[in-house]
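**Q** Before I ask anything, let me first share the structure, which is written out below as structure tokens.
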Amino acid sequence: MKITEFLCKEALINDLKATTKAEVIQEMVELLIDAGAIEKKYKNKVIEVLIAREALGSTAIGQGIAIPHGKSDSTDKLVAALAISKKGINFDSLDGEPAHIFFLLVAPIDSAGPHLKALARVSRLLKDKFFRESLKNTKTPKEMLELISREDVRVN
């Protein structure tokens, strides 16, 4: 599974305005709505699912990465948004560091396999420090997508 198969190409932002965990989730869900990946009427429902998942334990995995995710009947396929925060945001990371790179995933209720594969794929891609730094330094969403596409082909 490649990230480009589920990443909404119109749901990328490299200058996240949010300053809190809740604001990150809201802003990224709005990206998915604006991209047409989730209907606007489901906005609050999707945000609630993601916040409830965060309450179980932070999805910030360290090294400046957070992968908020959840399952919802608001979508019939796995969708993702990608955002970069230049300043970094406290996301209750295991290493105590602020998160800069956010991959938000929303999967259908019955999609355990694809959901887990997507989480593993994103984690594998973001293990590379050079790639993380390159992603943080992109200037436009187009650059972000080009970088992800190149790395997606390279990393197995």
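**Q** Restricting the search to segment 109-124, which residues are surrounded by 15 or more Cβ atoms within 10 Å (Cβ to Cβ) and within 21 Å of Val24 (Cα to Cα)?
**A** His115, Ala118, Leu119, Val122
**Q** Name every residue in segment 4-37 that is small (Gly, Ala, Ser) and over 14 Å from His100 (Cα atoms), in order of residue number.
**A** Scanning segment 4-37 gives Ala11, Ala22, Ala35, Gly36, Ala37.
**Q** Please find, within segment 101-152, the residue that is farthest from Ile89 (Cα to Cα) out of those that are without any contact (Cβ under 8 Å) to a residue 24 or more places away in the chain and aliphatic (A, V, I, L, M).
**A** Among those that are without any contact (Cβ under 8 Å) to a residue 24 or more places away in the chain and aliphatic (A, V, I, L, M), it is Ala112.
**Q** Quick one: in segment 68-88, of everything that is of a type outside the set (D, E, K, R) and farther than 16 Å from Ile47 by Cβ, which residue is surrounded by the fewest Cβ atoms within 10 Å (Cβ to Cβ)?
**A** Gly88
**Q** Since Asn14 meets every condition but one in (1) over 14 Å from the mean Cα position of the chain (by Cα); (2) at pLDDT below 95, which condition does it not meet?
**A** (1) is the only condition that Asn14 fails.
**Q** Right, next: Looking only at strands (runs of 3 or more DSSP E) that fall completely inside segment 58-101, which ones have 3 or more residues that are under 18 Å from Glu23 (Cβ atoms) and at pLDDT 95 or above?
**A** 79-89
**Q** Return yes or no: is Lys45 at pLDDT 95 or above, in contact with a Ser or Thr (Cβ under 7 Å, 6 or more places away or on another chain) and surrounded by fewer than 21 Cβ atoms within 10 Å (Cβ to Cβ)?
**A** When the stated conditions are applied, Lys45 passes them.
**Q** Examine segment 21-43 for a residue that is in a loop (DSSP other than H, G, I, E, B), among the polar types (S, T, N, Q) and out of contact with any Cys (no Cβ under 8 Å at 6 or more places or on another chain), and state whether such a residue exists.
**A** no
**Q** Go through segment 107-126 and give me each residue that's under 15 Å from the mean Cα position of the chain (by Cα) and not in a helix (DSSP H, G or I).
**A** Ala107
The values are calculated or read from the model by the stated rules, or taken from the named source; none is laboratory data. These numbers come from a predicted model, not from an experiment. Neighbour counts run over all protein chains shown; Cβ positions are idealised from the backbone, glycine included.
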